[in-house]
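Worksheet for the structure shown next.
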Amino acid sequence: MKFGTDGFRGPVETDITPEFCLKLAHHTGKIILEEGYDSVIIGKDTRVSGYMLESALQAGFISSGVNVKLAGPIPTPAVSFLTATYQGQFGVVLSASHNPYFDNGIKFFNKFGRKISEDLEKRIESKFNDKIDPESPEKLGKAFRIDSASGRYIEYCKSTLRGKSDLKGKTILVDAANGANYKITPMLLEELGAKVIRVNCVPDGKNINEKCAVLDQNLFQDYASKYDFDYCAAIDGDGDRLVLSDHKGNIFSGDEILFLLALKNIREGAKGSNKVVGTEMTNSGIVEALKKFGVELLRADVGDKHISRMLVEEDLVLGAESSGHIIQRQYSESGDANIALIQTIVELNESKNTLQKIRSQINYRPSVLKSFPVKNFLVLENQDFQNCLNGIKADNNDIRLSVRRSGTERKIRIRIEGDDDKNINKIMNRLEHFLV
């Protein structure tokens with residue numbers, strides 16, 4: 001197996017097995033000891049397989065001589081935070097994010113709380129075929145439990161507001177997808193004074209990401225018709241992605257959160273506020289809207305790890321994916337749904353803005369995005385498919401066309417952006433012919 005856009009991910013029965021986790025942890029442990037790490041923090045989401053795979057990871061790291069700190073069910077950004085605050089820590093998250101419960105996955109964080117480098121990924125991959133060689137008994141690692149992990153993280157999230165504001169008088173519906181934030185997000189908001197309506201906050205190990213708004217955005221309108229709230233916050237299974245709506249169910253995308261927070265950074269005179277990082281999926285309308293305020297958008301490859309790397313390389317503070325991964329490096333080196341949520345709502349309050357007012361400043365370019373399940377990705381190498389792609393690009397200078405394999409699912413994702421709705425849908429139909 002190779003690292004995808006977000007670590008490793010796949011079915012527990014065939015890919016992310018206990019044997020795989022044991023071997024991965026053992027060889028990773030050997031490598032990170034050479035890099036000066038002495039222990040790892042392991043967090044997980046709420047899927048039932050987490051209990052089994054956590055034990056396999058624990059055994060693998062201990063066999064390599066690395067100590068293990070178990071943080072229990074906590075969101076991905078909490079592991080990033082803890083990894084950066086404990087001395088000499090390596091971070092491990094056991095989660096398949098928005099995938100169904102029968103999948104699981106593994107992602108790694110370095111001592112700064114960032115996704116690990118491509119070089120380290122390759123070193124780990126190169127060891128997959130090596131046998132496990134446990135340390136002698138006197139050199140084995142030990143395991144400990146961090147009982148205060150959730151509390152520490154919540155306190156840190158609150159501290160990012162620096163006493164500027166609270167959420168008193170606000171009612172917020174939280175759809176936690178029965179994932180890692182099922183307790184944390186409601187507690188955070190209530191401690192800031194908000195009234196919270198809980199939806200999908202009762203995990204049973206198998207209902208993670210089921211019938212949740214972060215995946216089925218039609219539910220925002222449904223919630224608006226059933227409940228009385230100011231905002232609805234939908235968070236994915238591992239807690240690093242946010243989709244937000246207003247009281248009418250109008251959705252606020254990651255692009256719009258990026259735009260709002262970019263204006264906030266300009267107003268506050270934040271370092272590096274003249275540039276932000278998006279991806280190939282970011283609508284050109286956002287690029288043009290930001291230009292009016294003197295902000296340049298740089299495009300990274302899809303995946304929050306690529307945004308993070310570009311932010312570090314360019315010494316910038318803000319980046320986001322359209323899907324809702326928001327990185328604010330002045331607070332966190334990882335996409336963090338909780339920090340993005342409270343920062344966005346407080347900024348809307350302080351700037352006396354609304355989601356609709358923000359959207360009115362953006363002239364979106366027509367676009368279409370589709371995902372196609374495939375048995376394998378060989379179709380991308382098909383000569384007829386490549387000829388079709390090249391012909392489309394040659395005949396349509398005004399479009400932005402992205403065709404890529406998903407790094408988290410066995411799907412091919414195609415996004416087309418252009419000036420004419422009919423034309424981009426016609427192009428999508430031509431490409432769809434090869435994939436269905």
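The values are calculated or read from the model by the stated rules, or taken from the named source; none is laboratory data. Source: prediction; values computed, not measured. In this analysis, Cβ positions are derived from the backbone assuming ideal geometry, glycine residues included, and neighbour counts consider all displayed protein chains.
Go through (1) in contact with an Asp or Glu (Cβ under 6 Å, 6 or more places away or on another chain); (2) without any contact (Cβ under 8 Å) to a residue 40 or more places away in the chain; (3) surrounded by 17 or more Cβ atoms within 10 Å (Cβ to Cβ) one by one and return the number of the condition G418 breaks.
So the condition that G418 fails would be (2).
Filter the helices (runs of 4 or more DSSP H) completely within segment 329-399 down to those with at least 2 residues that are among the charged types (D, E, K, R) and without any contact (Cβ under 8 Å) to a residue 12 or more places away in the chain. Spell out the reasoning first.
Working: elements: 337-350, 355-360, 383-395.
So the answer is 383-395.
Every residue, every condition in (1) under 26 Å from P203 (Cβ atoms); (2) out of contact with any Gly (no Cβ under 8 Å at 6 or more places or on another chain); (3) assigned by TED's automatic domain parsing to the domain that holds G303, yes or no:
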| position | (1), (2), (3) |
| --- | --- |
| T14 | yes, yes, no |
| L24 | yes, no, no |
| E35 | no, yes, no |
| S55 | yes, yes, no |
| V66 | no, no, no |
| P77 | yes, no, no |
| S95 | yes, no, no |
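Going by the structure shown, is D147 modelled with pLDDT under 95, under 25 Å from K248 (Cα atoms) and either out of contact with any Lys or Arg (no Cβ under 7 Å at 6 or more places or on another chain) or in a loop (DSSP other than H, G, I, E, B) (or both)? Show your work before the answer.
Values: modelled with pLDDT under 95: yes; under 25 Å from K248 (Cα atoms): no; either out of contact with any Lys or Arg (no Cβ under 7 Å at 6 or more places or on another chain) or in a loop (DSSP other than H, G, I, E, B) (or both): yes.
The answer is no for D147.
Would you tally the residues in segment 197-235 being under 20 Å from N250 (Cβ atoms) and either part of a helix (DSSP H, G or I) or of a type in the set (A, V, I, L, M, F, W, C) (or both)? Steps first, please.
We begin by selecting, within segment 197-235, every residue under 20 Å from N250 (Cβ atoms); these are 197, 199, 212-235.
Of the ones still in play, those that are also either part of a helix (DSSP H, G or I) or of a type in the set (A, V, I, L, M, F, W, C) (or both) are 197, 199, 212-215, 219-226, 229, 232-235.
Qualifying residue count, segment 197-235: 19.
Of all the residues that make up segment 79-93, how many are farther than 18 Å from L57 by Cα, in contact with a Gly (Cβ under 9 Å, 6 or more places away or on another chain) and outside any helix (DSSP H, G or I)?
1
I need the full set of residues from segment 301-336 which are farther than 24 Å from S159 by Cβ, aliphatic (A, V, I, L, M) and modelled with pLDDT of 95 or more, in order please.
Within segment 301-336, the first condition is being farther than 24 Å from S159 by Cβ, and the residues that meet it are 301-303, 305-306, 309-310, 313-314, 321-323.
Going one step further and asking which of them are aliphatic (A, V, I, L, M), we end up with 302, 310.
The answer is M310, and nothing else.
Suppose we filter K183, K164, K206 for residues that are of a type in the set (K, R), farther than 15 Å from G43 by Cβ and modelled with pLDDT of 95 or more; which single one remains?
Numbers: K183 fails: farther than 15 Å from G43 by Cβ; K164 fails: modelled with pLDDT of 95 or more.
The match here is K206.
Select from segment 88-129 the residues that are among the polar types (S, T, N, Q) and over 20 Å from G324 (Cα atoms) and list them in ascending order.
Within segment 88-129, the first condition is being among the polar types (S, T, N, Q), and the residues that meet it are 89, 95, 97, 99, 104, 110, 117, 126, 129.
Result: Q89, N104, N110, S117, S126, N129.
How many residues does segment 256-307 contain that are of a type in the set (A, V, I, L, M), more than 18 Å from R415 (Cβ to Cβ) and free of Cβ contacts under 8 Å to residues at least 12 places away in the same chain?
0
Can you find a residue that is touching a residue at least 60 places away in the same chain (Cβ under 8 Å), in contact with an Asp or Glu (Cβ under 9 Å, 6 or more places away or on another chain) and surrounded by 13 or more Cβ atoms within 10 Å (Cβ to Cβ) anywhere in segment 422-431?
No, segment 422-431 contains no residue that is touching a residue at least 60 places away in the same chain (Cβ under 8 Å), in contact with an Asp or Glu (Cβ under 9 Å, 6 or more places away or on another chain) and surrounded by 13 or more Cβ atoms within 10 Å (Cβ to Cβ).
Based on what the data block shows, is T408 modelled with pLDDT under 95 and crowded, with 16+ Cβ neighbours inside 10 Å?
Working: modelled with pLDDT under 95: yes; crowded, with 16+ Cβ neighbours inside 10 Å: yes.
Spelling it out, T408 is indeed modelled with pLDDT under 95 and crowded, with 16+ Cβ neighbours inside 10 Å.
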